[in-house]
Structure formats: structure tokens, C-alpha cells
Amino acid sequence: MLSAVAGVYLSHKSAGILSTIFDIGGVFGGILAGFISDLIDARAVTSISFLLLSIPALVFYRVYGGLSMFANIGLMFLSGLLVNGPYSLITTAVAADLGTQSFVRGNSRALATVTAIIDGTGSVGAALGPLLAGYISSRGWNSVFFMLILAIFFAILFLIRVARTEIKGKLNEGKWFWNSISSH
């Protein structure tokens, strides 16, 4: 049996191995997103940046992934890095940050509930994503990539308010370099 991956037909085994490259990219994406987030102390800004970069990465994968196995692997890794980086950041660091909030502090039940909501939402997405992709793929793979990009767009939309608050806070505190430049 053969599967089409970026327009190239591969065995199911090869396609499965290639999909693992996406997950490996995601591991490195989580590490990189965490490092950058700690460096600039802005989780939402980091997540939005990764998500914005993931859109062209997915488009490049769709257009150029079939050129060669090297291009396929490289673009698959990059897509995983940029898509799963924010996911890792949101599910771990945000849950940890919520633990320091006054309404949760000292209340292990509230922290467990908030963490379960974050984790459960991710699980619902992980279950619905492939189901939708299977249904939408009957209309062609371009439709699947459009669905992914649309999902990323909504994730960015939901993070904009938090990112704006982070940016205002950092600028007011004078923690970011460009604030000191603009004040002179």
C-alpha cells in the first residue's frame, strides 16, 4: 500500500517514519520555545512568533516537500519544531504559571482543575485533528493544509490579547531593549 506525502507516494512504513520526524522537530521546538520564552520572559509572544513562522513552513512543506527526501525531512522537522513548540510551552509553562496566581496558590484542587482543562483541551484537539484531516483529505491535501493553517490562525487570535498584555508590561518595566532606545 502507498501513501501520498507532499505529493510523493511512499509506503505506509516510510510515511510513518517520516511523520516521526515531525514529532522529533516538536521535541526540539518545545526546548527552543522554552529557552526563548525564559530569555524574553514572554510566553505568549514566543508562542505567537512560532505559530506565525509555522504558517510559511507548512506552505513550504506542501509546495517543496515532494522535491526530495532531504527537503521532505527538513521541512517536516521545521514544521514540527514551529507547530509543537508553542503547544509544549502552553501545556507546561502556562500550567506552572497558573500555579503562582493568587486564586490558585495554596489550592491544589484549583491547580489540578486548571491543569486538567489545559491538558484535556489539547487531548480533544489531538483527537479531532486527525478525524477532521481524514474527512477533509477526501477533498485533497491542499484542504488539509488549509485546515491546519486556519487552526494556527485561531490559536494566534486567542493569544493576541495575552501577548499584548505581556508586551505592554515589558515595555512599562523597561525590560526590553527597544523601550530604552525609543525613550532617548
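Please indicate, with yes or no, whether at least one residue in segment 81-101 is surrounded by fewer than 18 Cβ atoms within 10 Å (Cβ to Cβ), at pLDDT 90 or above and either touching a His at 6+ places or on another chain (Cβ under 6 Å) or assigned to a helix (DSSP H, G or I) (or both). There is no residue in segment 81-101 that is surrounded by fewer than 18 Cβ atoms within 10 Å (Cβ to Cβ), at pLDDT 90 or above and either touching a His at 6+ places or on another chain (Cβ under 6 Å) or assigned to a helix (DSSP H, G or I) (or both).
Just a yes or no: is a residue in segment 160-180 assigned to a helix (DSSP H, G or I), closer than 30 Å to residue 65 by Cα and modelled with pLDDT of 85 or more?
First, the residues of segment 160-180 that are assigned to a helix (DSSP H, G or I): 160-173, 177-180.
Of the ones still in play, those that are also closer than 30 Å to residue 65 by Cα are none.
The answer is no; no qualifying residue exists.
Of the residues making up segment 88-107, none is under 22 Å from residue 14 (Cα atoms) and touching a residue at least 40 places away in the same chain (Cβ under 8 Å).
For beta carbons closer than 6 Å, sequence separation of 6+ or different chains, a first residue in segment 115-133 that is within 16 Å of residue 155 (Cα to Cα) and a second that is surrounded by 10 or more Cβ atoms within 10 Å (Cβ to Cβ), the qualifying pairs are 118/91; 118/95; 122/91. Residue count for segment 105-125, restricted to those that are loosely packed, with under 11 Cβ neighbours inside 10 Å, more than 19 Å from the chain's Cα centre (by Cα) and in a helix (DSSP H, G or I): 2.
If I ask for residues that are among the polar types (S, T, N, Q) and loosely packed, with under 15 Cβ neighbours inside 10 Å, which ones from segment 50-79 would you list? Please lay out each step first, then the result.
As a first pass, look at segment 50-79 and keep what is among the polar types (S, T, N, Q): 54, 68, 72, 79.
Listed by number, the list holds a single entry, 68.
Selection of segment 29-49 for residues being crowded, with 16+ Cβ neighbours inside 10 Å and hydrophobic (A, V, I, L, M, F, W, C) yields 32, 33, 36, 42, 44, 45, 48. Considering the conditions (1) under 30 Å from residue 115 (Cβ atoms); (2) out of contact with any Gly (no Cβ under 6 Å at 6 or more places or on another chain); (3) of a type in the set (A, V, I, L, M), residue 73 is excluded by exactly one of them, (1).
The values are calculated or read from the model by the stated rules, or taken from the named source; none is laboratory data. Treat the numbers as computed from the prediction; the structure is a model and nothing was measured. Reconstructed Cβ throughout: ideal geometry from the backbone, glycine too, with neighbour counts over all protein chains shown.
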